[in-house]
Amino acid sequence: MADLQYLERRRARRRVNQRSARIEIEMPIPIDVRKKPMDVKVRVTTGEGVEIAWSDGHVSRYPFDYLRDLCPCALCNDEREKNARLKASGGGGGAAVLPMFKPKVKAKGANAVGNYAIQIQFSDGHATGIYSYEHLREICPCEACGKEFRAK
Ligand SMILES: [Zn+2]
Ligand SMILES: [Zn+2]
């Protein structure tokens, strides 16, 4: 019986705590907090790519050539836009232009940019792309993220 009373008191106290903390509980979690990287591994020597473990428990794995293709720098953005326009205008007689053989791009090195991004030096000499974690989360190549971010 004494135990029961004790439990009852504890429960009551918890109720009070919940009430006083209500505003905090109902606040939406800011998106950048959920997407915070907890562990970032850039596997340059093995050439495996970048692995990021996020604060919401998700783990993203990016091959280096995938990141190279999605380089967010102004130059590559221009290039991608030009290619998209070319495709849209049906240039080249409608036939798909065969991609030139290129060796798979790897990374020569990488460094952190503040605490918001990483910069990768690619084996083709390109190094101007700064990959913010926010951007990286959006381009996560896994199926679940593809549905969430690229469905539209
Ligand atoms: Zn670039
Ligand atoms: Zn993902």
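The values are calculated or read from the model by the stated rules, or taken from the named source; none is laboratory data. On a predicted model such as this, the values are computed, not experimentally measured, just so you know. Neighbour counts run over all protein chains shown; Cβ positions are idealised from the backbone, glycine included.
Take the conditions in contact with a Lys or Arg (Cβ under 8 Å, 6 or more places away or on another chain), at pLDDT below 90, closer than 28 Å to Glu138 by Cβ and charged (D, E, K, R) and apply them to Lys87. Does it pass?
Criteria not met by Lys87.
Could you list, in sequence order, the residues of the stretch 116-145 that are part of a loop (DSSP other than H, G, I, E, B) and either in contact with an Asp or Glu (Cβ under 7 Å, 6 or more places away or on another chain) or under 21 Å from Met38 (Cα atoms) (or both)? Walk me through it before giving the result.
Our first condition is that a residue be part of a loop (DSSP other than H, G, I, E, B); within the stretch 116-145, this holds for 116, 123-129, 139-142.
Residues satisfying the conditions are Tyr116, Ile139, Cys140, Pro141, Cys142.
Among the residues of the stretch 96-103, are any within 13 Å of the chain's Cα centre (by Cα) and modelled with pLDDT under 95? Break it down into steps so the answer makes sense when it comes.
Here is the first cut: in the stretch 96-103, the residues within 13 Å of the chain's Cα centre (by Cα) are none.
The answer is no; no qualifying residue exists.
Considering every residue within the stretch 132-147, establish whether at least one is under 11 Å from the mean Cα position of the chain (by Cα), within 22 Å of Ser55 (Cα to Cα), away from ligand 2 (no atom under 15 Å from the Cβ) and surrounded by 13 or more Cβ atoms within 10 Å (Cβ to Cβ). Looking for residues that are under 11 Å from the mean Cα position of the chain (by Cα), within 22 Å of Ser55 (Cα to Cα), away from ligand 2 (no atom under 15 Å from the Cβ) and surrounded by 13 or more Cβ atoms within 10 Å (Cβ to Cβ), one finds at least one in the stretch 132-147, hence yes.
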